[in-house]
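**Student:** Here it is, the structure in full.
The values are calculated or read from the model by the stated rules, or taken from the named source; none is laboratory data. Quick caveat: nothing in here was measured; it's all calculated off a predicted structure. When we count neighbours, we look across all protein chains shown, and the Cβ atoms used for this are built from the backbone with ideal geometry, even at glycine. What goes into the accessible areas is simple: the full protein's heavy atoms, side chains included, and nothing from ligands, DNA or RNA. Shrake-Rupley method; radii C 1.70, N 1.55, O 1.52, S 1.80 Å.
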Amino acid sequence: MFLCWCLSLVALIPLTTSTNPGVKVKLTAKGIEYGRKLAVASILQKLKTIKLDDMSGKVKVSPIGKVKYSLTNMKMVEVGLPTAALDLVPGTGVKLSIVNAYFRLEGNWRVKYLFVKDSGSFNLNANDISFSTSLSIKNDQTGRPVVNSLDCGANVGKTSIHFKGGASWLYNLFSKYIDSAIRKAMQKQICPLVANAVSDLNNNLKTLNVLAKVDQFAEIEYSMVASPAVSNTSIDFGLKGEFYNIGKHQEPPFSPAAFSLPPQINNMLYIGVSSFTTESAAFVYNTAGTLSLYITDDMIPQGSPIRLNTRTFGAFIPQVAKRFPGLMMKLLVKTVKTPVITFEPNNATVQTFASVTAYAIQPNATLTPLFVLNLDSSVSARVFVSGTRLAGAVTLNKMDLTLGTSYVGDFQVGSLDNIFQMVLKMVVIPRINAQLAKGYPLPTLGKMKLVNTQLLVLKDYMLVGTDVQFTG
């Protein structure tokens with residue numbers, strides 16, 4: 001499964017390069033070794049299904065003459081693949097080589113010569129088996145990766161058959177005549193089974209989340225944007241890593257900048273997520289109009305002395321209480337442009353630009369605007385990996401209030417700082433964090449689990465280092 005995932009990432013390569021990637025992935029030697037183990041386990045299971053057709057023939061055996069024989073019910077009872085290598089071929093793909101493999105089969109025998117009939121069982125050992133296959137990856141018409149075997153070679157070095165039961169001591173004299181036929185029959189089955197295993201990979205590759213849904217508003221695309229750089233020990237490749245509104249792929253007014261992953265080898269996999277990816281998310285949600293929130297008094301903690309009513313605000317803006325006595329209030333907070341996300345070493349910050357419109361709620365439930373404030377704020381973000389998703393939480397650094405429009409006359413905006421800091425900390429940010437905690441999906445394949453995961457915030461991108469496990 002992990003091999004599938006590795007190959008699928010390499011497969012998602014367009015014919016031309018049009019942009020820098022928003023997400024980069026490095027598969028290290030440690031990851032390739034894990035992929036080798038899973039690939040060998042998969043092929044081992046396939047080889048255990050080898051079942052030879054019944055065989056029969058005639059051989060001339062001295063001194064008894066012609067002997068008719070038949071071998072039936074041959075089945076594999078043991079397969080060993082002690083030495084296997086998964087090598088990266090720079091500029092080409094992947095080569096899997098297995099040597100010193102061995103098989104053990106069991107079956108039944110029957111012979112007839114002159115007027116004598118006899119039968120029994122036999123064991124067959126095949127040793128010094130070797131085979132190799134080279135794999136290429138292409139895209140199908142749906143943009144999904146397809147794995148193809150470029151070539152396959154197999155060789156069964158030697159076989160030995162041992163008859164049991166009946167006059168088996170006699171029939172063992174002509175076993176060498178049968179060895180060759182069985183060896184050729186086994187050899188013919190190896191590459192088709194390897195090809196069958198490769199074919200099974202394509203079903204797994206279809207689970208790659210090339211276009212992953214985040215929520216009802218957004219999805220993220222993980223198609224490749226450049227050919228991978230393949231060395232003898234690792235694969236480096238770039239994914240688009242861009243958020244879109246579901247059903248509407250509108251490009252943002254900014255592009256991803258180039259960035260490079262540092263040389264890391266401790267984990268199987270490294271994923272670099274640029275600020276472009278997170279800013280494209282901000283662009284999508286801002287465009288969808290979801291970065292807005294109506295705030296009413298019942299959202300303020302009950303123990304707070306500050307209430308959303310004209311009495312509280314009248315203490316700072318007397319004309320509010322005078323013109324609208326005894327009324328409850330409502331606030332509308334919404335972004336006026338896309339938030340700006342910045343990554344610096346060990347520090348992720350988000351600059352937001354919003355407006356706050358205050359309303360008095362009339363007895364008939366109509367809203368009367370009181371004033372509009374410009375609210376610029378800065379928050380620090382803590383980013384973490386949760387399962388196979390990238391999640392986060394923010395805390396308020398600072399905010400700046402200025403008056404946009406007043407419908408109640410002039411007043412000192414600074415007098416409202418404490419109120420709006422409370423509103424941000426107790427109402428707005430907890431709701432933002434509840435959404436950020438859900439996270440968005442990282443590129444994954446099937447039942448892939450991330451383990452031993454670390455995350456670093458670096459200049460212009462975040463680096464996730466992780467090992468992987470596959471279940472099922």
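**Student:** What residues have an amide H closer than 5 Å to that of GLY392, excluding those fewer than 5 places away on the same chain, when H is modeled at 1.01 Å from N in the peptide plane?
**Tutor:** Amide H neighbours of GLY392: PHE384, ALA437, GLY439.
**Student:** Okay, next question. When you count, for each residue, the other Cβ atoms within 10 Å and take the mean per peptide, how do 416-423, 273-280, 232-239 rank with the highest first?
**Tutor:** Descending packing order for the listed peptides: 273-280, 232-239, 416-423.
**Student:** Excluding residues fewer than 8 places away in the same chain, name every one of the aspartates and glutamates whose C-alpha is closer than 19 Å to that of LYS188.
**Tutor:** Reachable aspartates and glutamates: ASP53, ASP54, GLU78, GLU106, ASP128, ASP151, ASP179.
**Student:** Can you match log10 I(q)/I(0) by the Debye sum over Cα atoms at q = 0.09, 0.10, 0.13 Å⁻¹ to one of these, (i) -0.69, -0.85, -1.35; (ii) -0.61, -0.74, -1.23; (iii) -0.74, -0.83, -1.10, based on a calculation from the structure here?
**Tutor:** (iii)
**Student:** Counting each DSSP H run of 4 or more residues in the chain as -39500 (n - 2.57), what helix-only mean residue ellipticity at 222 nm follows after dividing by all residues, to the nearest 500 deg cm²/dmol?
**Tutor:** -6500 deg cm²/dmol
**Student:** Now, a different point. Quick one: accessible surface of THR342, probe radius 1.4 Å, all protein chains present, in square angstrom to the nearest 10.
**Tutor:** 50
**Student:** Let me ask something else. Please report the accessible area of ASP200 (heavy atoms, 1.4 Å probe, ligands and nucleic acids excluded) in Å², nearest 10.
**Tutor:** My reading of the accessible area for ASP200 is about 60 Å².
**Student:** Determine the distance separating the Cα centre of the range 63-125 from the Cα centre of the range 356-390; give it in Å without decimals.
**Tutor:** Measuring centre to centre over Cα atoms gives 73 Å.
**Student:** For the chain, with only Lys/Arg (+1) and Asp/Glu (-1) charged at the beta-carbon, what is the dipole magnitude about the Cα centre, in debye rounded to 20?
**Tutor:** The dipole of the chain has a size of about 2100 debye.
**Student:** Of all DSSP beta bridges in the chain, what percent run antiparallel (nearest 5)?
**Tutor:** Looking only at bridges with both residues in the chain, the antiparallel portion is about 100 percent.
**Student:** Shifting gears a bit: Please enumerate, by chain and number, the lysines with C-alpha under 19 Å from the C-alpha of LYS425, excluding those fewer than 8 residues away in the same chain.
**Tutor:** Answer for LYS425, where 19 Å is the Cα cut-off: LYS330, LYS334, LYS398, listed by chain and number.
**Student:** On a straight-distance basis, which lysines could pair with LYS117 in a cross-link, Cα separation under 18 angstrom, same-chain partners fewer than 8 positions away excluded?
**Tutor:** Candidates past the 8-residue exclusion: LYS58, LYS60, LYS66, LYS68, LYS164.
**Student:** Obtain the nm distance between the two label points defined at LYS30 and ASN364 by a simple spin-label model: each point lies 7 Å from its Cα along the Cα-to-C-beta direction.
**Tutor:** 6.9
**Student:** How long is the range 390-452 along each principal axis, judged by its Cα atoms, biggest number first, in Å?
**Tutor:** Dimensions of the range 390-452 along the principal axes of its Cα atoms: 61, 20, 15 Å.
**Student:** If the label point is 7 Å along Cα→Cβ of ASN73, which residues in the range 107-138 have backbone nitrogen under 12 Å from it?
**Tutor:** Residues 107-110, 120-122 qualify, since their backbone N sits under 12 Å from the label point.
**Student:** Additional query: What does a probe at ASP54 reach in the range 97-118, counting residues whose amide N is under 16 Å from the point 7 Å along Cα→Cβ?
**Tutor:** Under cut-off, by backbone N: 107-112, 118.
**Student:** Karplus couplings for the range 339-354 from phi (6.51 cos²θ - 1.76 cosθ + 1.60, θ = phi - 60°), rounded to Hz, Gly and Pro as x?
**Tutor:** These are the phi-based 3J(HN,Hα) values: x, 10, 10, 10, 10, 10, x, 6, 8, 10, 10, 10, 9, 10, 10, 9 Hz.
**Student:** Which residues does the label zone of LYS459 cover in the range 232-272, counting backbone N under 19 Å from a point 7 Å along Cα→Cβ?
**Tutor:** Once the point is set 7 Å along Cα→Cβ of LYS459, 256-264, 272 turn out to lie under 19 Å by backbone N, inside the range 232-272.
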